[in-house]
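The values are calculated or read from the model by the stated rules, or taken from the named source; none is laboratory data. Worth saying up front: this structure is predicted, and the values here are computed from it rather than measured. All Cβ positions, glycine included, derive from the backbone under ideal geometry; neighbour counts span all protein chains shown.
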Amino acid sequence: MAIVAASDLMALAALQAIRDAGLKPGRDVAVVGFDDLEAAALAHPPLTTIRQDRKELGTVAATRAVELIEAPGVGPRAIILPVEVVVRASSS
């Protein structure tokens, strides 16, 4: 069984809920978060997560916002930024 959470904060809460249910996170239930917050590495067990380049994400968001201001009629476009899986004990 596995939980893939939309954020590390939700994944950290899932780790606690798994322990509260008498199960062992990482052994009985794998947990993966998203964001790679500093707390993810310090969790018990350390949280597997998806890391994204926050600086690049902010740059793309700001650039896109300016583009939309300058040309409001332009529709949305897909932008794909790379991510990295950081494997830690919560999913081993």
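Thr59 meets each of the listed conditions (1) within 16 Å of Ile80 (Cα to Cα); (2) not in a helix (DSSP H, G or I) apart from (2). Before we move on, is Val31 β-branched (Val, Ile, Thr), surrounded by fewer than 19 Cβ atoms within 10 Å (Cβ to Cβ) and closer than 19 Å to Arg88 by Cα? No: the conditions fail for Val31. So, in segment 1-28, of the ones that are assigned to a helix (DSSP H, G or I) and under 11 Å from Ser90 (Cβ atoms), which residue ends up nearest to the chain's Cα centre (by Cα)? Per the stated criteria, the residue is Asp8. A Cβ distance below 6 Å, combined with a sequence gap of six or more or placement on separate chains, defines the contacts here; from segment 60-89, residues that are at pLDDT 95 or above reach residues that are of a type in the set (Lys, Arg) in the pairs Glu84/Arg51; Val86/Arg51.
I want to confirm something. Restricting to segment 45-79 and keeping residues that are among the β-branched types (Val, Ile, Thr) and under 18 Å from Ala6 (Cβ atoms), which single residue is farthest from the chain's Cα centre (by Cα)? Steps first, please.
The first filter runs over segment 45-79 and keeps only residues among the β-branched types (Val, Ile, Thr), leaving 48-50, 59-60, 63, 66, 69, 74, 79.
Next, only the ones that are under 18 Å from Ala6 (Cβ atoms) stay: 48-50.
Numbers: Thr48: 9, Thr49: 6, Ile50: 5 Å.
Filtering segment 45-79 for residues that are among the β-branched types (Val, Ile, Thr) and under 18 Å from Ala6 (Cβ atoms), the one farthest from the chain's Cα centre (by Cα) comes out as Thr48.
A search for C-beta distances below 6 Å between a residue of segment 1-25 that is at positive phi and any residue that is assigned to a loop (DSSP other than H, G, I, E, B) and crowded, with 20+ Cβ neighbours inside 10 Å, counting only pairs 6+ apart in sequence or on different chains, returns nothing.
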